Amino acid sequence: MSVPARPLPHLRAAPPRPPHERLLAELPLTVLVGVTGVGKSTALAALGEANPGLRVLPDRRMVTDHAVIAPLAGGPVSDRAERFRLTALYRERHPGGMAHALGTLSADTRHWGERPLFDGLRGLEEVRHAAEHFPRWRFVALVAPDVVRVRRLLGRADSFDRAAGGEAGKDLRADLATLPGAAAVFTPAELDGLAALVAEGHSPADLLARVRIVVTERAHYDPDAASAFLGTLPPSRALVLDTVALSPAQVAQAVRSWA
């Protein structure tokens, strides 16, 4: 029997009940934008330290489990590639994907306040939908090169960072090159460098799994297109930050100054 998704605290997929509930679509929500490994969790931790009163909504994973994956699959799904497939199916049925799902939720403002933060949206479709349909939302995009993202995924012990699709063979460099879509994301020199990370103690299987996550995610959510679109919005609505050039504390300071 499937285990139901965890309930979303003080949020529900139903019209608001006055006077304390409001649709998230109507609130001045701050939204983090970025794909896996760009540094959103680290930035959130720094923001929380700098602003103890910050109210952060349940993250994308929880909202996806509750509003997207469970209705489609009938229960939880852990494999990242399968989750990408299901979220793509949701986007086919509901343009805007996660932005659509988030905008339908009602929030108890006694708990979340009037200006919560959400982590986060991904890709051009979600960001454009949010910007066009929810005029009070503001966006902070975090960006980092794909090679850096792979390194960061290798450096964290998150059981969610899994993707099915075969084991690494005797030639990791060849395995990386034959991953569907890898050549469109990484140059040959970058693949050489990624394969060489085994010398730092990373297993070939872990390297292959993390590269597969980055490549698969790129196929569904183009971070460059999302950042370029945000660059067309007024500066009061969008902020783009490079998490390689800026430390977590500097990211937090930039967000606080902008907010």
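The values are calculated or read from the model by the stated rules, or taken from the named source; none is laboratory data. All of these numbers come straight from a predicted model, not from anything done at the bench. Cβ placement follows ideal geometry from the backbone for every residue including glycine, while neighbour counts extend to all protein chains displayed.
Given the structure, is VAL143 touching a Ser or Thr at 6+ places or on another chain (Cβ under 8 Å), modelled with pLDDT of 95 or more and not basic (Lys, Arg)? If you could, list the steps in order and put the result at the bottom.
Details: touching a Ser or Thr at 6+ places or on another chain (Cβ under 8 Å): yes; modelled with pLDDT of 95 or more: yes; not basic (Lys, Arg): yes.
Here the answer is yes, as VAL143 does meet what is asked.
Does segment 77-91 contain any residue that is over 13 Å from the mean Cα position of the chain (by Cα), over 25 Å from LEU179 (Cβ atoms) and not polar (S, T, N, Q)?
First, pick out the residues of segment 77-91 that are over 13 Å from the mean Cα position of the chain (by Cα): 77-79, 81-82, 85-86, 88-91.
Next, only the ones that are over 25 Å from LEU179 (Cβ atoms) stay: none.
Taking every residue of segment 77-91 in turn, none turns out to be over 13 Å from the mean Cα position of the chain (by Cα), over 25 Å from LEU179 (Cβ atoms) and not polar (S, T, N, Q).
The residue pairs whose first member lies in segment 53-74 and is closer than 15 Å to ALA107 by Cα, whose second member is exposed (fewer than 15 other Cβ atoms within 10 Å of the Cβ), and whose beta carbons are closer than 6 Å, counting only pairs six or more residues apart or on different chains, are ARG55/GLY113. Counting only helices (runs of 4 or more DSSP H) that fall entirely inside segment 190-259 and contain at least 2 residues that are touching a Lys or Arg at 6+ places or on another chain (Cβ under 9 Å), the qualifying elements are 204-220, 223-230. Give me the residue from segment 211-259 that is of a type in the set (D, E, K, R) and within 24 Å of ARG91 (Cβ to Cβ) and, out of that set, surrounded by the fewest Cβ atoms within 10 Å (Cβ to Cβ). Looking at residues that are of a type in the set (D, E, K, R) and within 24 Å of ARG91 (Cβ to Cβ), I get ASP224.
Which residue, of VAL140, VAL150, is within 25 Å of ASP206 (Cα to Cα) and buried (at least 22 other Cβ atoms within 10 Å of the Cβ)?
VAL150
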